[in-house]
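The values are calculated or read from the model by the stated rules, or taken from the named source; none is laboratory data. As the structure is a computational prediction, the values presented were derived from the model and not from experiment. Neighbour counts are summed over all protein chains in view; Cβ atoms, including those assigned to glycine, are modelled from backbone coordinates with ideal geometry. The accessibility values were calculated without ligands, DNA or RNA, using every heavy atom of the protein model including side chains. Shrake-Rupley method; radii C 1.70, N 1.55, O 1.52, S 1.80 Å.
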Amino acid sequence: GLLPWTLFSRTLGQASQSVVGARSLITKVYFPRLAIPLSAIGVSLADFAIALLTLMGLMAYFGVDFTWRLLAVAPLTMLTVIISLGVGSLFAALHVAYRDVRFILGFVTSMWMFLTPVIYPVKIIPRAWRWVLTLNPMVGVVDSFRAAILSRPFEWGALGASVGIGVAVLLAGLACFRRVERRFADIV
């Protein structure tokens with residue numbers, strides 16, 4: 001559960017602070033401003049790849065079987081990046097206008113982790129309330145990562161909700177970013 005969550009939280013944190021961090025570049029040259037939050041993904045993916053290799057080594061050491069389900073890690077990683085880019089671009093646009101967003105983001109990320117089954121299994125939530133949990137797009141991602149790595153059945157409903165909500169979050173974040181983007185040079 002920590003592997004996809006770390007990718008999500010690192011990408012979210014770096015993307016949300018990337019525009020303010022590139023202040024001197026934004027005020028001097030025009031280029032597609034969305035490239036700045038996108039560049040934050042590369043660093044997080046490199047860290048993720050190293051952590052994934054370490055996990056594979058631990059899986060081999062402890063005798064966890066490598067099955068075809070591990071192929072799902074690539075699309076699940078892409079879904080994690082989509083969700084984090086959507087939320088990150090939204091917070092990047094907000095961070096330009098409101099500098100205190102970085103402090104709020106730390107709190108939001110911490111609370112979001114506890115609302116996501118990173119350190120606990122989804123099964124401890126009563127079945128009647130699991131639909132509320134699936135409104136969190138990271139629930140399906142984290143649970144599916146566990147299913148892929150531990151050769152368990154996928155919870156397709158939660159994964160489908162994560163895909164739908166993740167794409168909606170990405171589109172909303174990009175729309176907000178594009179709307180505020182014109183004023184970045186003036187505000188920064």
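Tally time: how many residues in the stretch 1-17 are over 14 Å from Pro137 (Cβ atoms), assigned to a helix (DSSP H, G or I) and not polar (S, T, N, Q)?
Qualifying residue count for the region: 5.
Just one of (1) farther than 21 Å from Met138 by Cβ; (2) surrounded by 12 or more Cβ atoms within 10 Å (Cβ to Cβ) trips up Tyr61, so point out which.
Going through the list (1) farther than 21 Å from Met138 by Cβ; (2) surrounded by 12 or more Cβ atoms within 10 Å (Cβ to Cβ), Tyr61 breaks only (2).
Return the total of residues in the stretch 72-83 being open to solvent by 40 Å² or more (accessible area, probe 1.4 Å) and touching a residue at least 60 places away in the same chain (Cβ under 8 Å).
Looking only at that region, the number is 1.
So Phe66 fits all but one of (1) without any contact (Cβ under 8 Å) to a residue 60 or more places away in the chain; (2) part of a helix (DSSP H, G or I); what number is the exception?
Only one criterion in (1) without any contact (Cβ under 8 Å) to a residue 60 or more places away in the chain; (2) part of a helix (DSSP H, G or I) is unmet by Phe66, namely (2).
So which helices (runs of 4 or more DSSP H) stay within the stretch 97-188 end to end and still have 3 or more residues that are crowded, with 16+ Cβ neighbours inside 10 Å and either in contact with a Pro (Cβ under 7 Å, 6 or more places away or on another chain) or among the polar types (S, T, N, Q) (or both)?
137-150, 156-181
Condition first: closer than 20 Å to Thr80 by Cα and of a type outside the set (Ser, Thr, Tyr). Now tell me which residues in the stretch 108-126 satisfy that.
Val108, Met111, Trp112, Met113, Phe114, Leu115, Pro117, Val118, Ile119, Pro121, Val122
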